[in-house]
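The values are calculated or read from the model by the stated rules, or taken from the named source; none is laboratory data. These figures come from a predicted structure and were not determined experimentally. Here Cβ is always computed from backbone atoms with ideal geometry, including for glycine, and neighbour counts include all displayed protein chains.
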Amino acid sequence: MNVVIAYLDTMFSAYPQSPRMLEAKAELQGMMEDAYTGLIAEGRSENEAVGQVIRDFGNLEEVAPVLGIASDITREPAAATSGSFDASTERPVVQLDQAQGYADALQRIRFRFTTAVVLFVLSPAALIGLPAAAGSGSLPIGGHVGLLIGLVVLFIMVAIGVTLLVSTSRETAPYKRISDGQFSVGPGVTRWAETLAEANDRSRIRALQFAIGLWILAPIPLIAFALLSENSPQGDFLPGVGVVLVLVLVAAGLGIFLPHTWSRTLVDDLGRGAGAGAADDDERGIVGVIAAFYWPLLTAIFLAWSFIGSAWHISWIVWPVGAVLFGAIAGGISALESYRRARR
Amino acid sequence: MPISADAIRGYVDLMVLSLLRDSPSYAYELAQRITSMSGDDYAIKQTTLYSAVKRLEAGGLVSSFAGVSPSGKPRTYYRIADAGLAYFDLKVAEWRSTKSVVDRFIDAASEGVSQ
């Protein structure tokens, strides 16, 4: 509920604290409190309740005429209609209702988007695992059959992933202007989005910490299996299993983290329109993308070095070095992020 | 099909008055009743409802008094005034004729399609 009160405070902070304004604020706060209590009683989580209450708040401009403060806010971009334009930049103005629609769309697609990314990361698993298993005799199929099944699985997973992404882009299509940054924002929109993001920050940061932990742990099975396989009759099978486990851990990290990024994506997308600059990428854009490419690349380096150089006894050094480097990259990005946020 | 805020704006006052005809009420309860009567078709924003009751109060169509909500919180209650009852009848008549005019265009258009 503190987030809701803070939101109301920032919304009203732009106006003179006249008795009529204070009365309006008190009554609106009462409505929000009742709505919040009602949602909690329905069994919604605190985050959901706060998000819903703020989405249902509406637009303070609408109250302006009955409070006699209309003249104070007319300097804001021409009031209220969705299609209005900001004369200074000639760009369409995104009002709160559109931003809310975009937030809902991001929230609706977050699991589909995550599933697609997870499928892409996991898609080579069968291709790596099955031929290795077949080669070692653990599975009663030939190496070529294993390869073929692996390829089919890869194509099916990629196809499902692409289908999911296409369906998510259909949902966000009406808000293309926002994701492209071709707009300026209406009054209160940025504050609304930031309040929403702050309400979700705790769970997002927890998910990120957990995911980074998984990504740092990801290479361990491969190191372990590679070391074990040196004296093992199973030969190349164990490193293959290790690679599959690396993919599973990377995918699990992404699966945990990505569903929590939508509210920051919203703030960053809206921030671009408010003139914060296109360099304002979110963590999904940086850490997530790095993780998705980093570990498979490291795996490729490890396998190439090991097989070509026949260097199994020493090539494991790739993993501790890679893990420390990844920790440094992820840490550096979040430090940069908090520095940027502190400067704002 | 959810109704846009623009389409229904002129009739929020009528909805509020119709609820207050039954009994005095406070803002959150009004919002709840409007949302439950509309199903998923229309979710009223808090600022929309607040400006509607304040507009009605300023016009002398409803009066406010301090009350206590069922959960024990102090809340501003609204009661319909005589002028509000008359205004409600007027708005209902206006809605009927608005609806019949718009319907005529829609019927004509759909007949045009079916021919």
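In this structure, does A:Leu139 turn out to be outside any helix (DSSP H, G or I) and hydrophobic (A, V, I, L, M, F, W, C)? The answer is yes for A:Leu139.
One residue stands out in the stretch B:17-43 among those that are within 8 Å of another protein chain (Cβ to nearest Cβ) and aliphatic (A, V, I, L, M): the one that is nearest to the chain's Cα centre (by Cα), namely B:Ala31. Of all residue pairs spaced 6 or more apart or on separate chains, those with beta-carbon atoms under 8 Å, a first member in the stretch A:97-124 that is within 24 Å of A:Thr195 (Cα to Cα) and a second member that is charged (D, E, K, R) and assigned to a helix (DSSP H, G or I) are A:Gln100/A:Arg55; A:Tyr102/A:Asp269; A:Ala103/A:Arg55; A:Asp104/A:Arg55; A:Ala105/A:Glu171; A:Arg108/A:Glu171; A:Ile109/A:Glu171. When the stretch B:88-115 is filtered for residues that are surrounded by 10 or more Cβ atoms within 10 Å (Cβ to Cβ) and either outside any helix (DSSP H, G or I) or touching an Asp or Glu at 6+ places or on another chain (Cβ under 8 Å) (or both), only B:Lys91 remains. Quick check on the stretch A:143-166. Is at least one of its residues of a type outside the set (A, V, I, L, M), out of contact with any helix residue (DSSP H, G or I) (no Cβ under 7 Å at 6 or more places or on another chain) and more than 30 Å from A:Leu130 (Cα to Cα)? Scanning the stretch A:143-166, I find no residue that is of a type outside the set (A, V, I, L, M), out of contact with any helix residue (DSSP H, G or I) (no Cβ under 7 Å at 6 or more places or on another chain) and more than 30 Å from A:Leu130 (Cα to Cα), so the answer is no. Across the stretch B:1-16, the number of residues qualifying as in a helix (DSSP H, G or I), at pLDDT below 85 and either under 12 Å from B:Ile44 (Cα atoms) or within 11 Å of chain A (Cβ to nearest Cβ) (or both) comes to 4.
For (1) surrounded by 15 or more Cβ atoms within 10 Å (Cβ to Cβ); (2) within 23 Å of the chain's Cα centre (by Cα); (3) closer than 16 Å to A:Pro92 by Cβ, each residue gets a yes or a no:
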{"residue": "A:Val153", "(1), (2), (3)": "yes, no, no"}
{"residue": "A:Ile156", "(1), (2), (3)": "no, no, no"}
{"residue": "A:Leu165", "(1), (2), (3)": "yes, yes, no"}
{"residue": "A:Thr172", "(1), (2), (3)": "yes, yes, no"}
{"residue": "A:Lys176", "(1), (2), (3)": "no, yes, yes"}
{"residue": "A:Val185", "(1), (2), (3)": "yes, yes, yes"}
{"residue": "A:Ala193", "(1), (2), (3)": "yes, yes, no"}
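Do we have any residue at all in the stretch A:44-59 that's over 23 Å from A:Ser203 (Cβ atoms), surrounded by 15 or more Cβ atoms within 10 Å (Cβ to Cβ) and at the interface with another protein chain (Cβ under 9 Å from one of its Cβ atoms)? Among the residues of the stretch A:44-59, at least one is over 23 Å from A:Ser203 (Cβ atoms), surrounded by 15 or more Cβ atoms within 10 Å (Cβ to Cβ) and at the interface with another protein chain (Cβ under 9 Å from one of its Cβ atoms), which makes the answer yes. Report, by residue number, each residue of the stretch A:9-27 that is facing chain B (nearest Cβ under 10 Å) and either farther than 28 Å from A:Ser203 by Cα or surrounded by fewer than 20 Cβ atoms within 10 Å (Cβ to Cβ) (or both). Result: A:Arg20, A:Glu23, A:Ala24, A:Ala26, A:Glu27. From the list B:Leu61, B:Leu49, the lone residue that is surrounded by 14 or more Cβ atoms within 10 Å (Cβ to Cβ), aliphatic (A, V, I, L, M) and more than 12 Å from chain A (Cβ to nearest Cβ) is B:Leu61.
Residues in the stretch B:65-87 that are aliphatic (A, V, I, L, M) and not in a helix (DSSP H, G or I): B:Ala66, B:Val68, B:Ile80, B:Ala81. Looking at the stretch B:89-112, is at least one residue modelled with pLDDT of 90 or more and within 10 Å of another protein chain (Cβ to nearest Cβ)? No, that holds for no residue. For the stretch A:117-155, filtering for residues that are over 22 Å from A:Phe293 (Cβ atoms) and modelled with pLDDT of 85 or more leaves 3. Taking B:Ser71 as the residue in question, decide whether it is at pLDDT 90 or above, within 13 Å of chain A (Cβ to nearest Cβ) and surrounded by 12 or more Cβ atoms within 10 Å (Cβ to Cβ). No.
Could you tell me how many of the residues in the stretch B:18-46 are buried (at least 21 other Cβ atoms within 10 Å of the Cβ) and in contact with a strand residue (DSSP E or B) (Cβ under 6 Å, 6 or more places away or on another chain)? Matching residues across the stretch B:18-46 total 2.
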